[in-house]
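The values are calculated or read from the model by the stated rules, or taken from the named source; none is laboratory data. Since the structure is predicted, the reported quantities are computational estimates derived from the model, not experimental observations. Note that we place each Cβ from the backbone using ideal geometry, even for glycine, and neighbour counts take in every protein chain shown. Keep in mind that these areas ignore ligands, DNA and RNA; they rest on the heavy atoms of the full protein, side chains included. Shrake-Rupley method; radii C 1.70, N 1.55, O 1.52, S 1.80 Å.
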Amino acid sequence: MSKRILILGATGRTGKYAIPFALEKGYQVVALARNPSKINVKHDGLTIVKGLPTDISDIRKAMEGCDAVLSLLSPLTGGEAISFRKINAPRVLERSMTNVLQVMNEYQIKRLLILSSVGVGNSWKYTPWYVKLLIRLTNFKVIFADHNAQEDLISASNTNWTIARPAGLNENDTTGTLAITYDHTPKPFRISRKLLAKFFIDNLYSGDFIHKMPMLSER
């Protein structure tokens, strides 16, 4: 039987790479999307479920029959993130992950991979000064608070989790060499979304990063 994964954030800038990578591996893919029309991939191995990760009934419907969950959710849009105008924190990641962990427990699913960021949790000390300044001055503080809350939930769960913390993400379509660190600032401080998506799909069923929080960059 083919392995079946649920991808959250499938219509996002990283998700658009993750779906085809997973299908190329021969996996069955379920994508939960608020706007299914944003997914341009057509494939017999792809199932699209209309819904929201903040709605537990939608999560239950999408996760049924899966054996792994990949969350590529973002808490804010790019425009909202860089704004200096204060907004009410939607806590999308925290609310969604609360649902995900509950349903994973109900369905006895163990494998979970999520997108976080350098600067979250104990990686704050490895964050460049200019990123720290951006977090303090803009709504990136909302994003990082949500990431921290999500990581706390996952770390306390009984899942076989992997938390990937990429450096600054870019939209390059060509990829270099993946660099992984745990104890110093990633250099150069960048990685393409395409390479990040490849890391996730390559390690969906690997034991190499279980209960680890690698910081990822690209040489």
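Of the helices (runs of 4 or more DSSP H) that lie entirely inside the stretch 111-219, those containing 3 or more residues that are touching a residue at least 24 places away in the same chain (Cβ under 8 Å) and open to solvent by less than 50 Å² (accessible area, probe 1.4 Å) span 140-155, 193-202. Here Leu134 passes the criteria (1) under 15 Å from the mean Cα position of the chain (by Cα); (2) modelled with pLDDT under 90 except the one numbered (1).
Test Arg34 against the criterion of being under 25 Å from Gln108 (Cα atoms) and open to solvent by 40 Å² or more (accessible area, probe 1.4 Å), and give yes or no.
no
Considering the stretch 75-110, the residues that are closer than 16 Å to Phe144 by Cα and modelled with pLDDT of 85 or more include one that is surrounded by the most Cβ atoms within 10 Å (Cβ to Cβ), namely Leu93. Is it true that Val92 is in contact with a Lys or Arg (Cβ under 8 Å, 6 or more places away or on another chain), among the β-branched types (Val, Ile, Thr) and under 25 Å from Tyr17 (Cα atoms)? Judged against the criteria, Val92 is not a match.
In the stretch 37-59, which residues are of a type outside the set (A, V, I, L, M) and within 17 Å of Tyr107 (Cβ to Cβ)? Listed by number, the residues that qualify are Thr47, Gly51, Pro53, Asp55, Ser57, Asp58.
Considering each of Ile56, Ile39, Ile5 in turn, give the residue that is in contact with a Phe, Trp or Tyr (Cβ under 6 Å, 6 or more places away or on another chain), on the phi < 0 side of the Ramachandran plot and either modelled with pLDDT of 95 or more or open to solvent by less than 60 Å² (accessible area, probe 1.4 Å) (or both). If you could, list the steps in order and put the result at the bottom.
Values: Ile56 fails: in contact with a Phe, Trp or Tyr (Cβ under 6 Å, 6 or more places away or on another chain); Ile39 fails: in contact with a Phe, Trp or Tyr (Cβ under 6 Å, 6 or more places away or on another chain).
Result of the check over Ile56, Ile39, Ile5: Ile5.
Residue count for the stretch 8-21 under the criterion of being part of a helix (DSSP H, G or I), modelled with pLDDT of 95 or more and under 11 Å from the mean Cα position of the chain (by Cα): the result is 1.
Checking each residue in the stretch 146-162 for being touching an Asp or Glu at 6+ places or on another chain (Cβ under 9 Å) and of a type in the set (A, V, I, L, M, F, W, C) picks out Ala149, Leu153. Would you call Ile48 touching a Pro at 6+ places or on another chain (Cβ under 8 Å), among the aliphatic types (A, V, I, L, M) and surrounded by 17 or more Cβ atoms within 10 Å (Cβ to Cβ)? Yes; evaluated as a whole, the condition is true for this residue. When the residues of the stretch 38-72 are filtered to those that are in contact (Cβ under 8 Å) with a residue 60 or more places away in the chain and within 19 Å of the chain's Cα centre (by Cα), the one that is nearest to Arg13 (Cα to Cα) is Leu72.
Here is a check on your reading of the model: is Gly26 in a loop (DSSP other than H, G, I, E, B) and farther than 17 Å from Lys110 by Cα? Criteria met by Gly26. Within the stretch 1-37, the set of residues being free of Cβ contacts under 8 Å to residues at least 60 places away in the same chain and in contact with a Pro (Cβ under 7 Å, 6 or more places away or on another chain) comprises just one member, Leu32.
Of all residues in the stretch 8-26, those satisfying the criterion of being crowded, with 22+ Cβ neighbours inside 10 Å and in contact with a Gly (Cβ under 9 Å, 6 or more places away or on another chain) are Leu8, Gly9, Gly15, Ala18, Ala22.
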